[in-house]
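Visitor: One structure, as structure tokens, below. Some questions next.
The values are calculated or read from the model by the stated rules, or taken from the named source; none is laboratory data. The structure displayed is predicted, hence computed values, not measured ones. Reconstructed Cβ throughout: ideal geometry from the backbone, glycine too, with neighbour counts over all protein chains shown.
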């Protein structure tokens, strides 16, 4: 810093001989727009880091940090006078939001549906994270490490709960969350993040903590007895390992068999129930999904409206169900179609279809396949695969904490896909990868 002028070395300020800014007549001590934008950028990254960590513990605190990151994003946008970078997902996201609001407007319970539509604000997480990560791709590995660290903490808490409560479906572990499914869904995505780091950005002894972190996360997910999270975790691991080295996927069934061999009896019984068509939970799913198909037949265009399911379901409920009062259909595709209609479902599917195509093509063309960009692509592809696979047996898109975390991982993956080091954007400093 120049002691006389107070200007940092390298600052983009031009001065005339009379000590006044030669471009616009402002004092040289006046902050330049780029400095303001940098402040907003640093603030946004700090809030994104805090969001990734606190989302494991408190949805309210996480939403506050997500909101602050959005404010910082808008602040940077206004400070530098440039429009933000929008992902190719912007169009299907916007279409999904419009059709969701349309479904809420014509809902069987308009007030409840419009109130529930506040979750659409969660898409701001994707927009903010994508814009900043695309320009500073090297920082995505830091946010993933923070996420895995948070996952390890709540995993340890869950293991302690299992020791105190026992491993039983009557009182499942849930960490700091209200529901065990929320807890397992968060750990599932943290596990995929850790797998991506180990596969593509492992720093040797500095990252040695990742191995035990992944171990406690796997233990906690198993002890939660949450079958959809088991399936999602296996699917996500399959994608990440296949991206690293296809032959390495052979280790998944070996590790799964070892984990089951060492697991408590409750975990083993829960695992075998997956393949038992007479299992009461499996039969319950069939009853629920059959009712959902009938509801969709009657409400194909705009659905029944968000969060209106409990009001309509009794008319379609199978008399043999053991749980007569439920809030959703335990399946993302069917739930979205029933609540918001088939056009909205197609928009929702387009989001993931475009994401898979963009990230898949980017990885295929990437010759380096290590470091920040490859990690981001693995997190994106593995994360959404885990999320969607688990969502075949649970409505996790309606579970705020896993949904927000999935949107963050999606943003990271799409930012990595859109990062093009060989292309210089006019008027923009090319981002550097720190791997």
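Visitor: Got a number for residues in region 172-187 being out of contact with any helix residue (DSSP H, G or I) (no Cβ under 8 Å at 6 or more places or on another chain) and touching a residue at least 60 places away in the same chain (Cβ under 8 Å)?
Guide: Within region 172-187, residues that are out of contact with any helix residue (DSSP H, G or I) (no Cβ under 8 Å at 6 or more places or on another chain) and touching a residue at least 60 places away in the same chain (Cβ under 8 Å) number 1.
Yes/no matrix, rows are residues, columns are (1) in a helix (DSSP H, G or I); (2) within 19 Å of the chain's Cα centre (by Cα):
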position	(1), (2)
329	no, no
334	yes, no
339	yes, no
343	yes, no
347	yes, yes
357	yes, yes
368	no, no
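Visitor: Follow-up. Quick one: residue 148 ticks every box in (1) more than 21 Å from the chain's Cα centre (by Cα); (2) within 21 Å of residue 407 (Cβ to Cβ) bar one, so which box is it?
Guide: Only one criterion in (1) more than 21 Å from the chain's Cα centre (by Cα); (2) within 21 Å of residue 407 (Cβ to Cβ) is unmet by residue 148, namely (1).
Visitor: Might you check whether a residue that is over 20 Å from residue 376 (Cα atoms), in contact (Cβ under 8 Å) with a residue 12 or more places away in the chain and in a helix (DSSP H, G or I) occurs anywhere in region 188-203?
Guide: no
Visitor: Follow-up question, since we're still on this one. Looking at (1) in contact (Cβ under 8 Å) with a residue 12 or more places away in the chain; (2) out of contact with any helix residue (DSSP H, G or I) (no Cβ under 7 Å at 6 or more places or on another chain); (3) more than 30 Å from residue 305 (Cβ to Cβ), which is the one condition that is false for residue 357?
Guide: (1)
Visitor: Where the second residue is buried (at least 21 other Cβ atoms within 10 Å of the Cβ) and assigned to a helix (DSSP H, G or I) and the first is on the phi > 0 side of the Ramachandran plot and free of Cβ contacts under 8 Å to residues at least 24 places away in the same chain and lies in region 153-171, which pairs have Cβ atoms under 7 Å and are six or more apart or on separate chains?
Guide: Partner pairs satisfying both residue conditions: none exist.
Visitor: Sticking with this structure for a sec: Return yes or no: is residue 129 modelled with pLDDT of 95 or more, surrounded by fewer than 19 Cβ atoms within 10 Å (Cβ to Cβ) and under 13 Å from the mean Cα position of the chain (by Cα)?
Guide: So residue 129 does not fit the description; no.
Visitor: Looking at this structure, is residue 243 assigned to a helix (DSSP H, G or I) and under 17 Å from residue 392 (Cα atoms)? Walk me through it before giving the result.
Guide: Working: assigned to a helix (DSSP H, G or I): yes; under 17 Å from residue 392 (Cα atoms): no.
Spelling it out, it is not the case that residue 243 is assigned to a helix (DSSP H, G or I) and under 17 Å from residue 392 (Cα atoms).
Visitor: Here's another thing I want to ask about it. Which of the residues that make up region 210-225 are outside any helix (DSSP H, G or I) and free of Cβ contacts under 8 Å to residues at least 60 places away in the same chain? Give the steps one after another, and end with the answer.
Guide: Start the filter on region 210-225 by keeping residues that are outside any helix (DSSP H, G or I), which leaves 224-225.
Of everything in region 210-225, just one residue is outside any helix (DSSP H, G or I) and free of Cβ contacts under 8 Å to residues at least 60 places away in the same chain, namely 225.
Visitor: Which residues, taken from region 160-170, are surrounded by fewer than 18 Cβ atoms within 10 Å (Cβ to Cβ) and either modelled with pLDDT of 95 or more or part of a helix (DSSP H, G or I) (or both)?
Guide: If we filter region 160-170 for residues that are surrounded by fewer than 18 Cβ atoms within 10 Å (Cβ to Cβ), which is where we start, we get 160, 163-166, 168-170.
Result: 160, 163, 164, 165.
Visitor: Taking the residues in region 366-381 that are in contact with a helix residue (DSSP H, G or I) (Cβ under 8 Å, 6 or more places away or on another chain) and surrounded by fewer than 24 Cβ atoms within 10 Å (Cβ to Cβ) as candidates, determine which candidate is nearest to residue 240 (Cα to Cα). Step through it out loud before you land on a result.
Guide: Step one: of region 366-381, the residues in contact with a helix residue (DSSP H, G or I) (Cβ under 8 Å, 6 or more places away or on another chain) are 366, 368-381.
Next cut, surrounded by fewer than 24 Cβ atoms within 10 Å (Cβ to Cβ) only: 366, 368-371, 374.
On the way: 366: 15, 368: 16, 369: 12, 370: 12, 371: 14, 374: 10 Å.
Across region 366-381, the extreme among qualifying residues is 374.
Visitor: Also, I was wondering about something else. Out of contact with any helix residue (DSSP H, G or I) (no Cβ under 7 Å at 6 or more places or on another chain) and either surrounded by 17 or more Cβ atoms within 10 Å (Cβ to Cβ) or more than 30 Å from residue 217 (Cα to Cα) (or both): is that true of residue 304 in this structure? Even if it seems obvious, please write down each step before you answer.
Guide: On the way: out of contact with any helix residue (DSSP H, G or I) (no Cβ under 7 Å at 6 or more places or on another chain): no; either surrounded by 17 or more Cβ atoms within 10 Å (Cβ to Cβ) or more than 30 Å from residue 217 (Cα to Cα) (or both): yes.
No.
Visitor: Please state which one of 311, 370, 294 is touching a residue at least 40 places away in the same chain (Cβ under 8 Å) and over 30 Å from residue 196 (Cβ atoms).
Guide: Being touching a residue at least 40 places away in the same chain (Cβ under 8 Å) and over 30 Å from residue 196 (Cβ atoms) holds for just one of 311, 370, 294, which is 311.
Visitor: Is it the case that residue 85 is in a loop (DSSP other than H, G, I, E, B) and closer than 23 Å to residue 353 by Cβ?
Guide: yes
Visitor: With 98, 140 as the choices, which residue is crowded, with 24+ Cβ neighbours inside 10 Å, at negative phi and assigned to a helix (DSSP H, G or I)?
Guide: The match here is 140.
Visitor: Confirm whether residue 73 is more than 27 Å from residue 150 (Cα to Cα), without any contact (Cβ under 8 Å) to a residue 60 or more places away in the chain and more than 17 Å from the chain's Cα centre (by Cα).
Guide: No, not satisfied.
Visitor: Looking at (1) at pLDDT 95 or above; (2) surrounded by 18 or more Cβ atoms within 10 Å (Cβ to Cβ); (3) farther than 30 Å from residue 330 by Cβ, which is the only condition residue 212 fails?
Guide: (2)
Visitor: In region 45-64, which residues are buried (at least 21 other Cβ atoms within 10 Å of the Cβ) and without any contact (Cβ under 8 Å) to a residue 40 or more places away in the chain?
Guide: Residue satisfying the conditions is 47 alone.
Visitor: Between a first residue in region 278-291 that is without any contact (Cβ under 8 Å) to a residue 24 or more places away in the chain and at negative phi and a second residue that is buried (at least 16 other Cβ atoms within 10 Å of the Cβ) and part of a helix (DSSP H, G or I), which pairs have beta carbons less than 6 Å apart while being 6 or more apart in sequence or on different chains?
Guide: Between residues of region 278-291 that are without any contact (Cβ under 8 Å) to a residue 24 or more places away in the chain and at negative phi and residues that are buried (at least 16 other Cβ atoms within 10 Å of the Cβ) and part of a helix (DSSP H, G or I), the close pairs are 279/273.
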